Each structure stands twice: as structure tokens, then as C-alpha cells.
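Quick one: the structure is below, questions incoming.
The values are calculated or read from the model by the stated rules, or taken from the named source; none is laboratory data. Keep in mind that what you see is a predicted model, and the values were worked out from it rather than measured. Cβ sites come from the backbone with ideal geometry, for glycine too, and all protein chains shown count toward neighbours. The protein model used for the area step is the full one, side chains on, heavy atoms only, and it has no ligands, DNA or RNA in it. Shrake-Rupley method; radii C 1.70, N 1.55, O 1.52, S 1.80 Å.
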Amino acid sequence: DAGITQSPRHKVTETGTPVTLRCHQTENHRYMYWYRQDPGHGLRLIHYSYGVKDTDKGEVSDGYSVSRSKTEDFLLTLESATSSQTSVYFCAISGTGGQEGDEQFFGPGTRLTVL
Amino acid sequence: GDSVTQMEGPVTLSEEAFLTINCTYTATGYPSLFWYVQYPGEGLQLLLKATKADDKGSNKGFEATYRKETTSFHLEKGSVQVSDSAVYFCALSKMGNTGKLIFGQGTTLQVKP
């Protein structure tokens, strides 16, 4: 199994509170991704990173920011959580990102509930 | 834009039944196609993939063929087991696009003994 951990695994917070989710990898992969999973939508890309301090927006980036100061860590921040951000969040990594057929490896997920 | 559409679930089958989960895509160029599986309480893991037209991906008894003429990548298994109960996601990515995956909505499969 690819070495990917996410923390926390579960979190309940209140509307307006800042929240940071952490993704940590031990594979030294260049590419990292944050997705959210919602019923009826599958997984949708929030932000991704193609190197240290190199990040870009995905399909559903509004209300989220990311940072990557080290190869192994990719942080997702909700500056002011809203109930619409209640979801399961998955981190994924990829070694070559964009190469034909390149596989992504997924973390175990973080279940976030915003009350 | 690019998109993936899967058949709606849940799909409920008896053990040893034949499984088909339909997946069609819309994309410019020549995407790579994937099936990922999510077992209860876990993250996604790659089940199989195909990178060009007419390629067949296979793994653990599952198969899918990349059909460019019908823009489809249907998942099949000849005889399902209770342990195959999971959520199955069809996805695509395009070369040179930093590996971003576009997912279908997922199909829940429940296999009963």
C-alpha cells in the first residue's frame, strides 16, 4: 500500500470555524490532490499540487485554500467552514502526474461535518 | 467539458451472477480510462485501466474494454462474490493535464449470498 495518511480522520466543527486537513505521504511523489466525495457527484477535485509551493485550482476550489511547503505534506484549509463543505475529503498522490495511464493512490479519507 | 457518466445504482445481485456496470465518457482527445473501487470505510484503489482504444483492462476477474466508437468503458465480471460489494467509480484523465481525474458519480454494488 502507498504510504498516505490523512489527519484527522473525523472532525465535527461549527459554521465559521477555520479547519485544516493534513495529507502526509512517504512515497516522495511529486503530485498531490485533494478531492471531495459527495453522494451523486462522485469525487471532485478541489486543488492539486505539482511540486513544493506549486499549486493550482480544481473544479470546486471556492472556499478552500492549500499549501505545500514540503514534498510530503499537503494541507487543505477551509478558512470559514460552511455546512455545504460537509463531505468526505480524500487526498491522492501520483508519481508522474499526467503521464498516460498514471495511477493515483488515495488516502483513507477525512469525514468532516460542519454544523 | 470532459465528463463521465455511470449507470445509477444501487445494483443488487446474487452471488455468482454476471455483473455489468455501464460507463460512458465525453472528452476531447484521447483520455486514459480507469475503474476505481471503494470498499466500505476505505479510500479508493485502482481496479483496472486502459490507455488507448480497444485496450482491455483486467484485474481480479473484472474486465473493461476501451471503446472509442461508443465512448464507453463498461465494467464486467462473470461471477460476483459477496466480497465484491463496494462502490465502483469510472474515471478519465488526459495526458499532460497533471493527472487530474474526472470521476463518474459512482455505482454501489451489493452482492447477496
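Expressed as a fraction of 2.2 N^0.38 Å, the rule-of-thumb size for a compact globular protein of N residues, what is the C-alpha radius of gyration of chain A?
On the way: Rg = 13.3 Å, N = 115, 2.2 N^0.38 = 13.4 Å.
Here the answer is 1.00, to two decimals.
Work out the mean other chain Cβ neighbour count within 10 Å for the residues of A:101-113 and drop it here as an integer. Please report the intermediate quantities before stating the final value.
Numbers: counts 11, 9, 9, 10, 4, 7, 3, 3, 5, 0, 1, 0, 0.
Whole-number average of other-chain Cβ neighbours for A:101-113 is 5.
Using a 1.4 Å probe and counting only protein heavy atoms, arrange B:15, B:69 so the residue with the most accessible area comes first. Intermediate results must be reported in sequence, preceding the final value.
Numbers: B:15 75, B:69 135 Å².
Final ranking, largest accessible area leading: B:69, B:15.
Related question: Residue by residue through segment A:101-115, which ³J(HN,Hα) values in whole Hz follow from phi under the Karplus form 6.51 cos²θ - 1.76 cosθ + 1.60 (θ = phi - 60°), with glycine and proline marked x?
In residue order, the calculated couplings are x, 4, 8, 9, 10, 9, x, x, x, 10, 8, 10, 10, 10, 8 Hz.
Separate question: What is the distance in Å between the Cα centres of segment A:56-115 and segment A:1-37?
6
Contact order normalised by length for chain B, with contacts defined as Cα pairs under 8 Å and 6 or more residues apart; what percent is it? Intermediate results must be reported in sequence, preceding the final value.
Working: 293 pairs, mean separation 41.2, N = 113.
Normalised by residue count, the contact order of chain B is 36 percent.
A follow-up question, please. Each residue of segment B:19-32 in turn: what ³J(HN,Hα) in whole Hz from Karplus with 6.51, -1.76, 1.60 and θ = phi - 60°, glycine and Pro shown as x?
10, 9, 10, 7, 9, 10, 9, 10, 7, 7, x, 10, x, 8
Could you run the Karplus curve 6.51 cos²θ - 1.76 cosθ + 1.60 with θ = phi - 60° over segment B:36-44 and give me ³J(HN,Hα) per residue in whole Hz, x for Gly and Pro?
These are the phi-based 3J(HN,Hα) values: 10, 10, 10, 7, x, x, 10, x, 7 Hz.
Another one. Compute the accessible area per residue over the protein assembly as shown, keeping the other protein chains in place, probe 1.4 Å, unit Å². Kindly include the intermediate steps, with their values, before the conclusion.
Values: 10590 Å² over 228 residues.
Here the per-residue accessible area is 46 Å².
With every protein chain in place, what's the accessible area of residue B:95 (1.4 Å probe, Å², nearest 10)?
Its heavy atoms expose roughly 130 Å² to the probe.
Ignoring everything but the protein chains, give the 1.4 Å probe accessible area of residue B:82 in square angstrom, nearest 10.
Ignoring ligands and nucleic acids, residue B:82 comes out at about 60 Å².
While we're looking at this one, here's another question. Loop by DSSP (not H, G, I, E, B), at most 15 other beta-carbon atoms within 10 Å: where is the longest site-free stretch of chain B for trypsin sites (Lys or Arg not before Pro)? Spell out each step's value before the answer.
Working: sites that count: B:52, B:60, B:68.
That would be B:1-51.
Follow-up question, since we're still on this one. Over the whole of B:35-41, what's the average partner chain Cβ count within 10 Å per residue? Rounded to a whole number, please. Walk me through the intermediate numbers first.
Working: counts 0, 5, 0, 5, 0, 0, 3.
Rounded to a whole number, the mean comes out at 2.
So for A:74, A:105, what's the accessible-area order with a 1.4 Å probe, most first?
Numbers: A:74 0, A:105 70 Å².
Ranked from most to least accessible, the order is A:105, A:74.
Just the projected area, averaged over all directions, of the convex hull on the alpha carbon atoms of chain B: how many nm²? Kindly include the intermediate steps, with their values, before the conclusion.
Numbers: hull surface 27.1 nm².
In nm², the orientation-averaged hull projection of chain B is 6.8.
Give me the net charge for the shell around residue B:34: Cβ to Cβ below 9 angstrom, other residues only, Lys and Arg +1, Asp and Glu -1. Provide the component values of the computation, followed by the final result.
Details: positive: B:49; negative: A:103.
My count for the surroundings of residue B:34 gives 0.
Next question, about the same structure. Considering only DSSP states other than H, G, I, E and B, which trypsin sites (Lys or Arg not before Pro) in segment A:1-66 qualify as loop sites with at most 13 other Cβ atoms within 10 Å? Each step should come with its number before you reach the end.
Values: sites: A:9, A:11, A:22, A:30, A:36, A:44, A:53, A:57; in loops: A:9, A:30, A:53.
Sites meeting the loop and neighbour criteria: A:9, A:53.
Then there's this: Restricting to DSSP loop positions (anything but H, G, I, E, B) with no more than 10 other Cβ atoms inside 10 Å of their own Cβ, which chymotrypsin sites (Phe, Trp or Tyr not before Pro) remain in segment B:1-42? Working shown, then result.
Numbers: sites: B:18, B:25, B:34, B:35, B:36; in loops: B:18.
Sites meeting the loop and neighbour criteria: B:18.
Next question, about the same structure. Under the definition of partner shielding as Cβ atoms of other protein chains within 10 Å of a residue Cβ, what is the mean value for peptide B:82-89? Let's see the in-between values first.
Details: counts 0, 0, 0, 0, 0, 2, 0, 3.
Per residue, the average neighbour count from other chains is 1.
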